[in-house]
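Nothing in this text is a laboratory measurement; each read-out follows from the coordinates by a stated rule. Source: prediction; values computed, not measured. With ideal geometry, Cβ positions are generated from the backbone for all residues, glycine too; neighbour counts draw on all protein chains shown.
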Amino acid sequence: MGKIAHHTLGDGVFGNFVDLSAGAACCHAVINPENCVVEMERVIAEARRSNQPAYIAVPSDYALSPVVSADVKPIVPRSNPEALQKAMTIIAARIRASKSGAYIEIIGGKMDMPPALAFAHGQLKAMYGDTP
């Protein structure tokens, strides 16, 4: 492991804070010129997928080093169609059984929303139409 800027406990061991911080994150990586492309893609994808913090350490002696190129395909999260259908069935049943509710009005037919919410909105709109 390279030197991580000023992160020691005074004992010269640069990995102490990596170990501490990694425990509070969904994933972590210590970046070096050889792994930075792959690790950055992996850590960012996992943080976005889990909607939790990630920890990335860039050792000071690698910070200005040239990056070793790597052929990386972005990680595309995939849903489980069966689990999604089951969730939609449960949500629809709860909406039908509710005595009151709230809805999001989409002005002009567009709203910036996460793909899962957009899918759910499309499914609910197909079941109930445009009226609340």
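With charges only on Cβ, +1 for K and R and -1 for D and E, what is the dipole size of region 1-97 about its Cα centre, in debye, rounded to 20?
Working: 9 positive and 9 negative charges, 161 e Å.
Once rounded to the nearest 20, the dipole reads 780 debye.
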Legend entry - Gyration tensor (Cα) of region 1-76, equivalent ellipsoid semi-axes in angstrom: 22, 18, 6
